[in-house]
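*Asks:* Below you'll find the structure I mean.
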Amino acid sequence: QKEVEQDPGPLSVPEGAIVSLNCTYSNSAFQYFMWYRQYSRKGPELLMYTYSSGNKEDGRFTAQVDKSSKYISLFIRDSQPSDSATYLCAMSLNYGGSQGNLIFGKGTKLSVKP
Amino acid sequence: KAGVTQTPRYLIKTRGQQVTLSCSPISGHRSVSWYQQTPGQGLQFLFEYFSETQRNKGNFPGRFSGRQFSNSRSEMNVSTLELGDSALYLCASSDRRGAMNTEAFFGQGTRLTVV
């Protein structure tokens, strides 16, 4: 079993839809959870960064972490064609203070149709 | 504030050659991590440097190495290139607050093609 599982999609939605992206993980020691957006031929761009369980909202984006279920989600409200990209979840341990080692899901490719 | 700068953006090398990639982190950031991204394996951690010291290493062969300079710039080197080394190599920059790293910001990557 991989440490982080993410459905690769592709996921296609109409403009204005609510998008739900999810990852599950196996290592209960993960403490930090991130969502990155990656456009084609670009580096990943940090969208959301959360510590431990709970919700975090930033504009149209909401990140949820449920550590008891080892499940994290990213919701995108009022999706736009410009949201079309690959979304990567990432997480890290808290050992020795280093967050250098991020464990990534393989990414979900999202397409928002006008 | 300038972002993470990786050079070169594209590189084509022949099997058996070696290659050096460069990363300049965000000004003030002292931690640099390197990742390999391929369609099959996704993003995989190579190593992390902080204050010129390797702090963490992923599960890659010894052909992959790196270093960090006193100005926090980092280089990674791959020797004896193999076809399977073709990938997007990404550098991530972060800072330290106390004992913890802050959020990681990525560069645009170097696309390496081995022929």
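The values are calculated or read from the model by the stated rules, or taken from the named source; none is laboratory data. Predicted model only: the values in this text are computed from it and were never measured. Don't worry about glycine lacking a Cβ; one is built from the backbone with ideal geometry, like all the others, and counts go over all protein chains shown. The area values use the complete protein model at the heavy-atom level, side chains included, leaving out ligands, DNA and RNA. Shrake-Rupley method; radii C 1.70, N 1.55, O 1.52, S 1.80 Å.
*Asks:* Test each condition in (1) open to solvent by 40 Å² or more (accessible area, probe 1.4 Å); (2) within 8 Å of chain A (Cβ to nearest Cβ); (3) at pLDDT 95 or above for B:Gly109 and report the one that comes out false.
*Replies:* (1)
*Asks:* Here's another thing I want to ask about it. Need the failing condition index for B:Glu75 against (1) of a type in the set (Asp, Glu); (2) within 28 Å of A:Tyr87 (Cβ to Cβ); (3) surrounded by fewer than 22 Cβ atoms within 10 Å (Cβ to Cβ), just the number.
*Replies:* With (1) of a type in the set (Asp, Glu); (2) within 28 Å of A:Tyr87 (Cβ to Cβ); (3) surrounded by fewer than 22 Cβ atoms within 10 Å (Cβ to Cβ) applied to B:Glu75, the lone miss is (2).
*Asks:* Further question: Looking for whichever is more than 14 Å from every other protein chain (Cβ to nearest Cβ) and over 13 Å from the mean Cα position of the chain (by Cα) here; the options are A:Ser73, A:Ser52, A:Ser20, A:Ser79. Which one fits?
*Replies:* Just a single option satisfies the conditions, and that option is A:Ser79.
*Asks:* Okay, next question. Got a number for residues in the range A:52-70 being among the hydroxyl-bearing types (Ser, Thr, Tyr), in a loop (DSSP other than H, G, I, E, B) and surrounded by 13 or more Cβ atoms within 10 Å (Cβ to Cβ)?
*Replies:* So in the range A:52-70, the residues among the hydroxyl-bearing types (Ser, Thr, Tyr) come out as A:52-53, A:62, A:68-69.
Next cut, in a loop (DSSP other than H, G, I, E, B) only: A:52-53, A:68-69.
Then drop every residue that is not surrounded by 13 or more Cβ atoms within 10 Å (Cβ to Cβ), which leaves A:53.
So the count comes out to 1.
*Asks:* Looking only at the range B:1-57, how many residues end up being hydroxyl-bearing (Ser, Thr, Tyr), more than 28 Å from A:Gly105 (Cβ to Cβ) and without any contact (Cβ under 8 Å) to a residue 40 or more places away in the chain?
*Replies:* Looking only at that region, the number is 3.
*Asks:* When you go through A:Ile103, A:Ile76 one by one, which is the residue that is β-branched (Val, Ile, Thr) and open to solvent by less than 10 Å² (accessible area, probe 1.4 Å)?
*Replies:* Unique residue meeting the criteria: A:Ile76.
Residue by residue, here is whether (1) under 14 Å from B:Ser79 (Cα atoms); (2) within 11 Å of chain A (Cβ to nearest Cβ) holds:
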{"site": "B:Pro8", "(1), (2)": "no, no"}
{"site": "B:Gly16", "(1), (2)": "yes, no"}
{"site": "B:Pro25", "(1), (2)": "no, no"}
{"site": "B:Leu43", "(1), (2)": "no, yes"}
{"site": "B:Phe50", "(1), (2)": "no, yes"}
{"site": "B:Gly58", "(1), (2)": "no, yes"}
{"site": "B:Ser65", "(1), (2)": "yes, no"}
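*Asks:* Go through (1) under 13 Å from the mean Cα position of the chain (by Cα); (2) away from chain B (no Cβ under 11 Å); (3) outside any strand (DSSP E or B) and name the single condition A:Lys106 misses.
*Replies:* (2) is the only condition that A:Lys106 fails.
Let's see how each residue does on (1) in contact with an Asp or Glu (Cβ under 9 Å, 6 or more places away or on another chain); (2) open to solvent by 20 Å² or more (accessible area, probe 1.4 Å); (3) of a type in the set (A, V, I, L, M):
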site: B:Pro39; (1), (2), (3): no, yes, no
site: B:Gln54; (1), (2), (3): yes, yes, no
site: B:Lys57; (1), (2), (3): yes, yes, no
site: B:Gly62; (1), (2), (3): no, yes, no
site: B:Phe69; (1), (2), (3): yes, yes, no
site: B:Leu83; (1), (2), (3): no, yes, yes
site: B:Cys91; (1), (2), (3): no, no, no
site: B:Ala104; (1), (2), (3): no, no, yes
site: B:Val115; (1), (2), (3): no, yes, yes
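*Asks:* May I ask you to verify whether A:Tyr39 is farther than 19 Å from B:Gln108 by Cα, open to solvent by 20 Å² or more (accessible area, probe 1.4 Å) and aromatic (Phe, Trp, Tyr)?
*Replies:* no
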